[in-house]
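The values are calculated or read from the model by the stated rules, or taken from the named source; none is laboratory data. Computed from a predicted structure; not experimentally measured. Positions of Cβ are generated from backbone atoms using ideal geometry, with glycine treated the same way; all protein chains shown enter the neighbour counts.
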């Protein structure tokens, strides 16, 4: 039976969930209440915002690009835990040739290859964050957030099929259907192909991050933060 993280009742956000409880290949599990993924917190209503503030997050990580964050003030912009680290590296994004990205998996693989420096900065921020949940979001919580969560889950040893299932949940939560464009969907096959590339090219998330300058001590701190120490 597939283990799935708990949905979060954050009024206004449709794609909010905890990845706690997801199993690793060596019998450990992701800690609950530690890594929370969601669509943009800009969508929170007053009750949802009160709920999120009440969690006293250690890090609220906004993966959106500067042009997105400039459009409106973030509801947690006054919280010292709030940080903007765009997943997309603008200096490398000019290398992107959209016409060659025929599938969403192609787009993800290109994103992984171009945005290593940004992902490395994100990992350091997670390792250094104050005590409290790490909340990660972009706009819809499925693409940039989906890639980052997949990298984190792979780093701690969560099996590929579990990662793909977690990724694919965005489809049901965002009410995506067969009528939506394939680039807007979140099929497990898309993430499976992305993970296949990650392991073939880099040996997995740890190798990818080390190649982009994240040292072993930082990776260990991230693992310690995300895994349930009681097991």
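Before moving on, here are some points about what is shown:
- Exclusive hit being touching a residue at least 40 places away in the same chain (Cβ under 8 Å) and more than 26 Å from residue 123 (Cα to Cα), set 183, 152: 183
- The stretch 94-121: number of residues that are assigned to a helix (DSSP H, G or I), over 26 Å from residue 218 (Cβ atoms) and in contact with a helix residue (DSSP H, G or I) (Cβ under 9 Å, 6 or more places away or on another chain): 6
- Within the stretch 184-204, one or more residues are buried (at least 17 other Cβ atoms within 10 Å of the Cβ), modelled with pLDDT of 95 or more, farther than 18 Å from residue 146 by Cα and out of contact with any strand residue (DSSP E or B) (no Cβ under 9 Å at 6 or more places or on another chain).
- Residue match in the stretch 32-40 (condition: surrounded by 16 or more Cβ atoms within 10 Å (Cβ to Cβ), part of a loop (DSSP other than H, G, I, E, B), at pLDDT 95 or above and out of contact with any helix residue (DSSP H, G or I) (no Cβ under 9 Å at 6 or more places or on another chain)): yes
- With respect to the conditions (1) assigned to a loop (DSSP other than H, G, I, E, B); (2) surrounded by fewer than 21 Cβ atoms within 10 Å (Cβ to Cβ); (3) touching a residue at least 40 places away in the same chain (Cβ under 8 Å); (4) within 20 Å of the chain's Cα centre (by Cα), residue 64 falls short on a single one, namely (2).
- When the residues of the stretch 68-78 are filtered to those that are modelled with pLDDT of 95 or more and surrounded by fewer than 19 Cβ atoms within 10 Å (Cβ to Cβ), the one that is farthest from residue 146 (Cα to Cα) is 78.
- With respect to the conditions (1) buried (at least 16 other Cβ atoms within 10 Å of the Cβ); (2) in contact with a strand residue (DSSP E or B) (Cβ under 8 Å, 6 or more places away or on another chain); (3) not in a helix (DSSP H, G or I), residue 145 lacks only one, and its number is (3).
- Selection count, the stretch 97-112, where residues are without any contact (Cβ under 8 Å) to a residue 40 or more places away in the chain and more than 14 Å from the chain's Cα centre (by Cα): 8
- Residue selected from the stretch 219-230 under the condition out of contact with any strand residue (DSSP E or B) (no Cβ under 9 Å at 6 or more places or on another chain) and under 16 Å from residue 157 (Cα atoms), by the criterion surrounded by the most Cβ atoms within 10 Å (Cβ to Cβ): 222
- Test for residue 175: is it at positive phi, at pLDDT below 95 and surrounded by fewer than 21 Cβ atoms within 10 Å (Cβ to Cβ): yes
- Scanning the stretch 42-54 finds no residues that are out of contact with any helix residue (DSSP H, G or I) (no Cβ under 8 Å at 6 or more places or on another chain), in a loop (DSSP other than H, G, I, E, B), at pLDDT 95 or above and under 19 Å from residue 125 (Cα atoms).
- Any chance residue 170 is in contact (Cβ under 8 Å) with a residue 40 or more places away in the chain, in a loop (DSSP other than H, G, I, E, B) and under 15 Å from the mean Cα position of the chain (by Cα): no
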